[in-house]
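Accompanying notes for the structure given below.
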Amino acid sequence: MIRINKNKVKANDFANLFLKPGGKYALTTKIDDWLAANPKHRGRGMFKYLKSNINHILTAEPKDLELIIQEFDKKGYRTKILNKKGKLNKLGKEIEDLFNYKGFRKGTKAIWLTNELKIKSCTYCNSQYTLTVKHNNKTKLLFHLDHFYPKSVYPYLSLSYYNLIPCCASCNMSKSDKPYVIEENIHPYEDSLDEIAKYNATSKSLAQFLLNVNKNENKIELLLNIRTKYFGDLKTEKKLENYKNEFKVETQYQQFKDVVGDTYLKGLFYNSNRKMELITFFKKHKGITLTQEMIHRFIVGNYTEDKDLLKRPLAKLMKDISEDFKLI
């Protein structure tokens, strides 16, 4: 999970897609229609609350979304939309239909969001692509948008800008529908896994790998360890533990031992002299001046700058181990 930059302008632009005055499908129009059709309904106060706060609900940052949840609960609205089993009741489903996440997911607004975010790999695991494709003049999302605050519990947050997290199907299905809180979980708009933890291959397993690189690749042991500066920080340690349990990344990343092995061998080969040879070759024979960033990207075979880690799967893993192997 790598931090996504917050952007108030984009959040407001996103909200405006749903709030066009007089628009047939504008959320305020849909709420007014519901109120007109239900003059004596017990849920009128809740729908009026949603209308009065709709812009804030759509644009609020994660910590403010938790305040909205608390206010919603304090007013007694949560008990009105959930049954005894914690599932949406009839009124809850009416709110779900009003926000119509399914319609959003299939429409142009979802495409707009993904184009603006420019994220090409799963925000949670960084092991799979999150791409869009065009076919027969239609654009389709090949990934999911996870709700950090589950829409099955908080249907009124199903279209909130900071509650729509681009991710792969595996992570979305792995993540439970239990209520999440920032205090205990890594939120991609609030925290950065890259700052908190680092992938490492154990020294013992690398030694075994070197004994026979053609046969011992599977002996490589890869772990996600908390960074030294967070040792003893119980809050951060708990967040990391919850993240690993929820998305099972250490187990998932055992599939990429070949990537670790290849990168380790590159680290043995590409010393400073080899890098200089590359710079000289491209400059002399191709007239191309390579920056240090491009040299690292060329050698590693992936992005290595923190700002680019969501542009390609496995970028964080490859950056972390390349640093360990002195490749970059």
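The values are calculated or read from the model by the stated rules, or taken from the named source; none is laboratory data. Note that the coordinates shown come from a computational prediction; the quantities given were computed from them, not determined experimentally. Note that each Cβ is placed from the backbone with ideal geometry, even for glycine, and that neighbours are counted across all protein chains shown.
Looking only at residues in segment 237-296 that are more than 31 Å from the chain's Cα centre (by Cα) and of a type in the set (S, T, Y), the one that is nearest to K319 (Cα to Cα) is Y270. Among the residues of segment 98-110, some residue qualifies, meaning at least one is surrounded by 13 or more Cβ atoms within 10 Å (Cβ to Cβ) and closer than 19 Å to L310 by Cα. Evaluated against (1) closer than 19 Å to N16 by Cα; (2) surrounded by 13 or more Cβ atoms within 10 Å (Cβ to Cβ), N115 falls short on exactly one condition, (2).
One residue alone among N100, N115, N136 is at pLDDT below 95 and on the phi > 0 side of the Ramachandran plot, and that residue is N136. I'd like to know if segment 267-274 contains one or more residues that are farther than 22 Å from L193 by Cα, of a type in the set (F, W, Y) and not assigned by TED's automatic domain parsing to the domain that holds N115. Taking every residue of segment 267-274 in turn, at least one turns out to be farther than 22 Å from L193 by Cα, of a type in the set (F, W, Y) and not assigned by TED's automatic domain parsing to the domain that holds N115. Residues considered: S170, S127. Of these, the only one that is at negative phi, part of a loop (DSSP other than H, G, I, E, B) and of a type in the set (G, A, S) is S127. Does N83 satisfy the condition of being free of Cβ contacts under 8 Å to residues at least 24 places away in the same chain, within 22 Å of L141 (Cβ to Cβ), surrounded by fewer than 14 Cβ atoms within 10 Å (Cβ to Cβ) and not charged (D, E, K, R)? When the stated conditions are applied, N83 does not pass them. State whether one or more residues within segment 193-209 are surrounded by 13 or more Cβ atoms within 10 Å (Cβ to Cβ) and in contact with a Gly (Cβ under 8 Å, 6 or more places away or on another chain). Yes - at least one qualifying residue is present in segment 193-209.
Checking each residue in segment 208-243 for being in contact (Cβ under 8 Å) with a residue 12 or more places away in the chain and of a type in the set (D, E, K, R) picks out E217, K219, E221, R227, K235, K238, K239. Taking the listed residues L27, L50, L65, the one that is closer than 30 Å to S121 by Cα and surrounded by 13 or more Cβ atoms within 10 Å (Cβ to Cβ) is L65, with no other qualifying.
Each row is one residue, and each column tells you yes or no for (1) over 27 Å from I119 (Cβ atoms); (2) of a type in the set (F, W, Y); (3) surrounded by 16 or more Cβ atoms within 10 Å (Cβ to Cβ).
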site	(1), (2), (3)
Y253	no, yes, yes
N273	yes, no, no
F281	yes, yes, no
H285	yes, no, no
T289	yes, no, no
I295	no, no, yes
I299	no, no, yes
K307	no, no, no
K311	no, no, no
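Could you tell me which of the residues K80, K74, K87 is within 29 Å of the chain's Cα centre (by Cα), among the basic types (K, R) and at negative phi? Talk me through it step by step, then tell me what you get.
Working: K80 fails: within 29 Å of the chain's Cα centre (by Cα); K74 fails: within 29 Å of the chain's Cα centre (by Cα).
None of the other options fit; the residue is K87.
Taking each residue of segment 128-141 that is more than 30 Å from Q255 (Cα to Cα) and looking for partners that are surrounded by 13 or more Cβ atoms within 10 Å (Cβ to Cβ) with beta-carbon atoms closer than 7 Å, six or more apart or interchain, yields T139/I111; T139/T132.
Which of the following residues is closer than 26 Å to C171 by Cβ and in a loop (DSSP other than H, G, I, E, B): K102, K85? Write out each step before concluding.
Values: K102 fails: in a loop (DSSP other than H, G, I, E, B).
Step by step, each of K102, K85 is checked, and only K85 is closer than 26 Å to C171 by Cβ and in a loop (DSSP other than H, G, I, E, B).
Taking each residue of segment 61-72 that is assigned by TED's automatic domain parsing to the domain that holds L159 and looking for partners that are outside any helix (DSSP H, G or I) and basic (K, R) with beta-carbon atoms closer than 7 Å, six or more apart or interchain, yields E61/K6.
Screening segment 244-285 for helices (runs of 4 or more DSSP H) wholly inside it with 2 or more residues that are aromatic (F, W, Y) and without any contact (Cβ under 8 Å) to a residue 24 or more places away in the chain returns the ranges 272-285.
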